[in-house]
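S.K.: First, the structure itself, so that you have it in front of you.
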Amino acid sequence: MLNAFRRSFSRNLSSQAKKKTEVTLTDDLIGQAIEAEPSLSKISKDFWERCHETFQNHGIATESFLRIVTGNPPVLTRHPKQIVHVLENWRSCQFGEYSFHLLITKYPEFLDVTDGSYLIQRVTYLKELACTNKNVWKLLMNSPGLIKENSAAIEDRYQYLTSVMRLDVPEIVKSEVFSKSLEVLKTRHMFLDRLGLFKPRSIRADPDEPTKNHRLYQIVDSSDKSFATKIARVTLFEWETFQDLYRKELREAEEEMDGDDDDESDEE
Amino acid sequence: MLRIRKILLVTPKRWKSRKSNDNDKKTTKNHALEKMDDFYGSVFGNRWKSIRIALLSEHKYVSVINNFGDREKTTASLENAGAINIKDLISLEKEKLQKENTGLGNEKTTYKMDNVISGIIKEQETRELKSIYPESESSENEARDDLESRRIVNVEEGTGGLYEFVPATKIKGMEDWIPESDHYKYYKTTHDFPLSFELEKDFSMPENISLYTFEMGNTTDFMSPKKCSTGVLSHYLMDGASILPPLLLGPFDKGEKILDACSAPGGKSLLMLQNITPELLVCNDIQESRLKRIRKVMKEYVFDFEEKWEGKRCILSKSDARNLQDYGSYDKVLVDVPCTTDRHSLHVDDNNIFKGGRIKERLRLPEMQSEILANCVRLLKPGGSLVYSTCSLSPVQNDGVVHMGLQKAFQDHNITCTIKDLSSVIRLFTNIFKFENSQNLKYGQLVLPYLPANFGPMYFCKIVRN
């Protein structure tokens with residue numbers, strides 16, 4: 001019952017959006033898309049029109065449609081039913097209509113996730129970490145790899161962020177941290193920590209009290225040069241050397257751990 | 001039943017969330033870091049964070065080729081691994097300096113450290129005063145009312161001690177208390193003894209010494225030392241900055257008598273032995289265990305050490321460097337004094353000088369260091385030279401101690417000295433080490449830890465007895 005209501009509501013919404021955003025798919029626009037993605041030239045106009053109509057029926061504007069097909073050309077040849085199925089799956093994640101459009105326009109490869117139950121399962125898992133649907137959407141907008149990534153790898157970074165760096169969810173979801181490896185995260189964090197520029201918030205500290213630490217997005221989303229010179233305020237040479245040194249440290253720690261594990265198993 | 005299960009499920013989570021990480025633990029290493037943040041932050045300003053990260057990261061080594069082993073073979077394998085001979089780096093820098101035509105000239109330097117230290121002393125005094133009398137002067141009357149209850153009383157002495165007379169300027173139970181600010185007061189720079197400065201113009205690497213390093217920014221590790229055909233190890237790895245005090249003690253002439261006053265673990269002595277010219281090298285240290293370490297190193301690296309060297313050309317002596325009495329008998333003395341060992345103190349908890357129980361020892365280090373220096377100056381022949389060195393960044397233990405030591409040598413024994421200004425010589429090493437600006441140092445030079453050249457810290461000052 002609820003799902004039926006949701007579907008009819010979304011259809012109404014998309015028809016309204018259709019009225020607002022309807023733009024005819026001209027040869028000129030198709031030409032521009034082919035220029036951006038030459039592989040689209042092999043596809044006949046019928047497919048273009050059929051696919052365009054399908055997306056338009058779901059409230060997705062022509063401009064967004066063109067972005068989607070240039071980003072993920074196989075979508076154009078897919079049967080409308082298949083497309084609708086995937087769109088409905090994503091809609092059921094309840095990110096909100098506008099946010100959902102933004103998400104698939106930014107990452108057209110998300111339309112390749114055809115397994116609805118996997119999608120729901122993954123979004124539910126992410127919701128456990130990020131607390132709200134809105135935060136899950138932010139996570140996916142910043143780190144699209146989360147949709148496919150191994151949950152153990154996600155868990156490692158999440159644990160590091162919350163237990164070692166003591167960051168809270170709103171700060172985590174604003175950054176692209178899950179697009180980076182744990183090693184990159186650790187290296188940047190330890191660099192600031194050893195410089196004396198990052199102090200984990202005390203457990204007893206008032207959560208509303210602002211910290212002097214740099215924000216997570218500044219730490220992980222910046223280029224090497226701006227991280228070194230603007231965030232850490234040291235030279236790029238020092239940062240590059242630290243990366244080498246810390247890589248060695250991590251490797252040694254890993255070897256030590258492996259050694260300890262071997263000793264334990266020998267004892268057993 | 002349900003309730004119990006709920007509690008059981010919840011408890012581990014609560015424990016987990018409250019689990020603190022390493023940063024929260026009040027280890028001696030963390031305590032040392034806090035102290036350094038406080039003091040060196042004021043001394044070095046914004047540059048402290050660069051030094052801090054270098055101190056907390058893995059440090060870099062220099063390899064001393066052992067002349068008693070298969071020298072050519074070791075050299076070839078190090079060069080194959082990409083290591084560079086320090087001799088080549090120095091001659092390159094020499095050429096560069098000659099081209100620039102800057103020469104090794106005199107530079108008028110303005111000295112800046114005095115104001116910084118006096119600021120630190122004032123700040124520390126205020127902090128200590130506040131820790132004893134937390135209220136400000138305006139609330140003095142109110143404070144007096146409950147003064148009695150806040151005065152520190154050693155419970156072990158019992159309440160009977162309270163009836164003893166204590167002057168108003170003292171606090172019962174704190175007779176042995178040394179305020180941290182007293183430690184900084186060891187740093188004095190007003191001259192009340194004759195002291196001259198002379199520019200050291202030239203430096204040449206001793207012929208027989210081969211040292212290898214990797215260029216700045218290269219973090220490659222050296223291969224481990226291997227046994228050579230003579231039974232000794234191929235090369236000795238030491239902190240790169242530690243090569244400077246023995247090298248700058250030169251030039252070494254044949255038949256000289258050399259003393260390494262605080263010798264353990266023996267790396268610097270071994271480097272001087274590679275030169276083979278000294279008639280006698282005395283390696284002194286205070287404890288038997290430390291002497292054992294020196295003997296072990298010598299046996300591992302010097303061919304036939306026990307038969308041909310020990311007790312003949314190399315003497316291991318166990319004595320407090322303050323009590324050595326062969327006055328006026330050495331041509332060269334190396335005084336690498338016990339210090340706060342800044343890098344070591346940030347990495348190892350055991351026997352750390354920043355341990356609560358060693359606070360007095362730490363605060364009185366400069367006094368002990370200056371006594372060692374003053375005594376070692378007396379051991380020099382007139383015209384003989386001495387290098388004082390520490391592996392600390394503290395201006396108190398460095399320039400402060402040189403000042404105190406030379407003052408003491410003059411006041412107690414009428415010995416005058418000349419400080420050799422090494423600011424020109426260190427320019428030959430600038431492509432290997434990062435040095436502190438000479439303007440911030442009064443007597444010596446300081447190698448600053450810097451990630452791409454992560455050596456030191458190492459302070460050294462060359463003194464010649466007049």
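S.K.: Looking at B:TYR459, is it in contact with a strand residue (DSSP E or B) (Cβ under 7 Å, 6 or more places away or on another chain) and farther than 30 Å from B:GLN98 by Cβ?
M.R.: Against the criterion (in contact with a strand residue (DSSP E or B) (Cβ under 7 Å, 6 or more places away or on another chain) and farther than 30 Å from B:GLN98 by Cβ), B:TYR459 does not qualify.
S.K.: For B:LEU280, work out the one condition from (1) free of Cβ contacts under 8 Å to residues at least 60 places away in the same chain; (2) buried (at least 18 other Cβ atoms within 10 Å of the Cβ); (3) out of contact with any Ser or Thr (no Cβ under 6 Å at 6 or more places or on another chain) it doesn't fulfil.
M.R.: Of the numbered conditions (1) free of Cβ contacts under 8 Å to residues at least 60 places away in the same chain; (2) buried (at least 18 other Cβ atoms within 10 Å of the Cβ); (3) out of contact with any Ser or Thr (no Cβ under 6 Å at 6 or more places or on another chain), the odd one out for B:LEU280 is (2).
S.K.: Another one. Among the residues of region A:192-213, write down those that are in a helix (DSSP H, G or I), touching a helix residue (DSSP H, G or I) at 6+ places or on another chain (Cβ under 6 Å) and more than 7 Å from chain B (Cβ to nearest Cβ).
M.R.: Those that are in a helix (DSSP H, G or I), touching a helix residue (DSSP H, G or I) at 6+ places or on another chain (Cβ under 6 Å) and more than 7 Å from chain B (Cβ to nearest Cβ): none in region A:192-213.
S.K.: Now a separate question. Taking A:SER226 as the residue in question, decide whether it is touching a helix residue (DSSP H, G or I) at 6+ places or on another chain (Cβ under 8 Å), away from chain B (no Cβ under 14 Å) and among the small types (Gly, Ala, Ser).
M.R.: Spelling it out, it is not the case that A:SER226 is touching a helix residue (DSSP H, G or I) at 6+ places or on another chain (Cβ under 8 Å), away from chain B (no Cβ under 14 Å) and among the small types (Gly, Ala, Ser).
Quick grid of which residues meet (1) within 20 Å of B:ILE51 (Cβ to Cβ); (2) touching a residue at least 60 places away in the same chain (Cβ under 8 Å); (3) assigned by TED's automatic domain parsing to the domain that holds A:THR187; (4) among the charged types (D, E, K, R):
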{"position": "A:LEU216", "(1), (2), (3), (4)": "no, no, yes, no"}
{"position": "A:LYS225", "(1), (2), (3), (4)": "no, no, yes, yes"}
{"position": "A:THR229", "(1), (2), (3), (4)": "yes, no, yes, no"}
{"position": "A:VAL234", "(1), (2), (3), (4)": "yes, no, yes, no"}
{"position": "A:PHE237", "(1), (2), (3), (4)": "yes, no, yes, no"}
{"position": "A:ARG251", "(1), (2), (3), (4)": "no, no, yes, yes"}
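S.K.: Working only within region A:87-97, note down all residues that are over 15 Å from the mean Cα position of the chain (by Cα) and closer than 21 Å to A:GLU53 by Cβ.
M.R.: A:LEU87, A:GLU88, A:ASN89, A:ARG91, A:GLU97
S.K.: Okay, moving on. Let me confirm something: among B:ASN351, B:ASN398, B:ASN323, B:ASN375, which residue is in contact with a helix residue (DSSP H, G or I) (Cβ under 9 Å, 6 or more places away or on another chain) and within 24 Å of B:LEU422 (Cβ to Cβ)?
M.R.: B:ASN375
S.K.: Then there is this: Just to verify a result, which residue in region B:31-60, among those that are more than 7 Å from every other protein chain (Cβ to nearest Cβ) and of a type in the set (Asp, Glu), is surrounded by the fewest Cβ atoms within 10 Å (Cβ to Cβ)?
M.R.: This residue is B:GLU34.
S.K.: Sticking with this one: Would you mind listing the helices (runs of 4 or more DSSP H) fully within region B:62-154 where at least 1 residues are modelled with pLDDT of 70 or more and out of contact with any Leu (no Cβ under 6 Å at 6 or more places or on another chain)?
M.R.: The qualifying helices (runs of 4 or more DSSP H) are B:71-80, B:86-100, B:113-132.
S.K.: Shifting gears a bit: Can you tell me how many residues within region A:229-257 are away from chain B (no Cβ under 11 Å) and either within 26 Å of B:GLY45 (Cβ to Cβ) or surrounded by 12 or more Cβ atoms within 10 Å (Cβ to Cβ) (or both)?
M.R.: So the count comes out to 4.
S.K.: Moving on. Can you find a residue that is touching a Leu at 6+ places or on another chain (Cβ under 9 Å) and within 14 Å of another protein chain (Cβ to nearest Cβ) anywhere in region B:401-418?
M.R.: no
S.K.: Can you say whether B:PHE433 is of a type in the set (Phe, Trp, Tyr) and either more than 14 Å from chain A (Cβ to nearest Cβ) or surrounded by fewer than 24 Cβ atoms within 10 Å (Cβ to Cβ) (or both), as far as the supplied structure shows?
M.R.: When the stated conditions are applied, B:PHE433 passes them.
S.K.: In region A:214-223, which residues are more than 14 Å from every other protein chain (Cβ to nearest Cβ) and either surrounded by 13 or more Cβ atoms within 10 Å (Cβ to Cβ) or modelled with pLDDT under 95 (or both)?
M.R.: Across region A:214-223, the qualifying residues are A:ARG215, A:LEU216, A:TYR217, A:GLN218, A:ILE219, A:VAL220, A:ASP221, A:SER222.
S.K.: Please pick out the residue among A:THR187, A:THR162 that is within 14 Å of chain B (Cβ to nearest Cβ) and without any contact (Cβ under 8 Å) to a residue 24 or more places away in the chain.
M.R.: Testing whether each residue is within 14 Å of chain B (Cβ to nearest Cβ) and without any contact (Cβ under 8 Å) to a residue 24 or more places away in the chain leaves just A:THR162.
S.K.: Identify all residues within region B:451-463 that are modelled with pLDDT of 95 or more, surrounded by 24 or more Cβ atoms within 10 Å (Cβ to Cβ) and under 28 Å from A:TRP239 (Cα atoms); write none if there are none.
M.R.: The answer is B:LEU451, B:ALA453, B:ASN454, B:PHE455, B:PRO457, B:MET458, B:TYR459.
The values are calculated or read from the model by the stated rules, or taken from the named source; none is laboratory data. For clarity, every value in this text was computed on a predicted model and none was experimentally measured. All Cβ positions, glycine included, derive from the backbone under ideal geometry; neighbour counts span all protein chains shown.
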